[in-house]
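The values are calculated or read from the model by the stated rules, or taken from the named source; none is laboratory data. Bear in mind that the values here come from a model prediction, so they are computed numbers and not experimental data. All Cβ positions, even for glycine, are placed from backbone atoms using ideal geometry, and neighbour counts span all protein chains on display. Remember, those area values only see protein heavy atoms, side chains included, never the ligands or the DNA or RNA. Shrake-Rupley method; radii C 1.70, N 1.55, O 1.52, S 1.80 Å.
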Amino acid sequence: MDLVSLIGTILAFVVVIVGTILKGSSVEALWNPAAFVIVFMGTIAALLVQNSGKVLKHAMALFPLVYKPPQHQPSDLISRIVGWSEISRRQGLLGLEPQIDSESDTFVRKGLQLLVDGSEPEAIRGVLEVEVGAREHHDLAGAKVFEQAGIFSPTMGIIGAVMGLMAVMQNLADPSKLGHGIAAAFVATIYGVALANLWMLPMSARLKALIHKQTQMREILIEGLVAIAEGANPRQIESKLQGYLG
C-alpha cells in the first residue's frame, strides 16, 4: 500500500471539509443530491460516450495501482539479467530454460523463451518491442480516462451551478430562499472542481508515471536479453544497463 497516495486522498477530503467550516459554513452545506447527480453521473455519462467498454474496464483495472503500485526495482532486474548471462555462458542458452518457470511476469517469460529458442537478437528485439508498444498504448488509454474525467467534471459543475441559479431565479419573490438556493447552486461547482483537481487529474498523472516506469523496466529487459543473445560479457551487459539508472 502506497501510504503517500492514501494520505493525499484523505487530506484532499479533509481540506475541503475543514475549509468549509473555517469559512463559516457547515458540513451539511456540502451535500446536495441534485449537484451530486449532475456532476458525478454527468461525468460518467460523458466517459461512456467517449470511450469503449474495453477501455473503461481497463481503466478500472488500473485504478488500484494508484494505492498499491507494483514495485519497480531496475537494479534488481539488472542483477537478474546479469545472472542469466552468467548461466548462458556456462551452460549455453538452454541452461536458462529452468528460469522460465520461476518467473511470474508473462513478458519476462516470453523474452526468456525467445532466448532459449535461439531466436536472433533483432528478432527478439522486434517481437518484444511490438508488445511493449501495444501494452503502453493500452495502459495509457486507460489512464487517460481519469484525465478525461478531470476535464469533464468542472464543466458539469458549471452546468449544475447554472441549473441551480435558474431555480433560484424562479423564487425571487421569496427572499428567504435566495441565500440557501445560491449556496446549493455553487455546491455543484465545488464538486466538479474538487473531483478534477484533487483526485482525477492527480490520479491520471500518477498512473502515467507508473506506466512509464513499467515501460522502462521492459526496455531494460529487452536490451539485456538482446545482449545475452549476442554473447556479450556479463560485465559489459551490467555496465550497459546501468545507464538506465541515471
Odd one out for S25, checked against (1) in a helix (DSSP H, G or I); (2) within 19 Å of V193 (Cα to Cα); (3) open to solvent by 30 Å² or more (accessible area, probe 1.4 Å): (1)
Search result, residues across the range 28-72 that are in a loop (DSSP other than H, G, I, E, B), within 18 Å of the chain's Cα centre (by Cα) and either of a type in the set (A, V, I, L, M, F, W, C) or within 30 Å of S102 (Cβ to Cβ) (or both): Y67, K68, P69, P70, Q71, H72
Residue match in the range 189-205 (condition: out of contact with any Leu (no Cβ under 8 Å at 6 or more places or on another chain) and over 25 Å from G42 (Cβ atoms)): no
Contacts under 8 angstrom Cβ, first residue in the range 218-231 being open to solvent by less than 30 Å² (accessible area, probe 1.4 Å), partner part of a helix (DSSP H, G or I) and among the acidic types (D, E), 6 or more apart: I222/E129; V226/E122
Near pairs, Cβ below 6 angstrom, 6+ apart or cross-chain, from the range 1-22 (assigned to a helix (DSSP H, G or I)) to any residue that is aromatic (F, W, Y): S5/Y67; L6/Y67
Among (1) more than 22 Å from K213 (Cβ to Cβ); (2) aromatic (F, W, Y); (3) under 14 Å from the mean Cα position of the chain (by Cα) - the single one F146 does not satisfy: (1)
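The rows are residues; the columns are (1) touching a Phe, Trp or Tyr at 6+ places or on another chain (Cβ under 8 Å); (2) open to solvent by less than 40 Å² (accessible area, probe 1.4 Å); (3) among the hydrophobic types (A, V, I, L, M, F, W, C).
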| site | (1), (2), (3) |
| --- | --- |
| L11 | no, no, yes |
| T20 | no, yes, no |
| A29 | no, no, yes |
| F40 | yes, no, yes |
| L48 | no, no, yes |
| Y67 | no, yes, no |
Boolean, K208 is in a helix (DSSP H, G or I), at pLDDT 95 or above and surrounded by fewer than 18 Cβ atoms within 10 Å (Cβ to Cβ): yes
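So if I check each of V116, V14, V37, V18, which one is closer than 22 Å to E230 by Cβ and among the β-branched types (V, I, T)? Before you say what the answer is, go through the steps one by one.
On the way: V14 fails: closer than 22 Å to E230 by Cβ; V37 fails: closer than 22 Å to E230 by Cβ; V18 fails: closer than 22 Å to E230 by Cβ.
Step by step, each of V116, V14, V37, V18 is checked, and only V116 is closer than 22 Å to E230 by Cβ and among the β-branched types (V, I, T).
Please specify each residue of the range 73-89 satisfying the condition of being open to solvent by less than 30 Å² (accessible area, probe 1.4 Å) and either not in a helix (DSSP H, G or I) or not aromatic (F, W, Y) (or both). Give the derivation first.
Our first condition is that a residue be open to solvent by less than 30 Å² (accessible area, probe 1.4 Å); within the range 73-89, this holds for 74, 77-78, 81-85, 87-88.
The answer is P74, L77, I78, I81, V82, G83, S85, I87, S88.
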Neighbours by Cβ (under 7 Å, 6+ apart or cross-chain): first from the range 135-153, closer than 22 Å to E219 by Cα; second small (G, A, S) and buried (at least 17 other Cβ atoms within 10 Å of the Cβ): G142/A59; A143/S204
Total residues in the range 90-125, condition outside any helix (DSSP H, G or I), among the charged types (D, E, K, R) and modelled with pLDDT under 90: 2
Some residue of the range 147-166 being among the aromatic types (F, W, Y), open to solvent by less than 30 Å² (accessible area, probe 1.4 Å) and modelled with pLDDT of 95 or more: no
Options G19, G24; residue that is on the phi > 0 side of the Ramachandran plot and modelled with pLDDT under 90: G24
Failed condition for L128, given (1) closer than 30 Å to L48 by Cβ; (2) modelled with pLDDT of 95 or more; (3) aliphatic (A, V, I, L, M): (1)
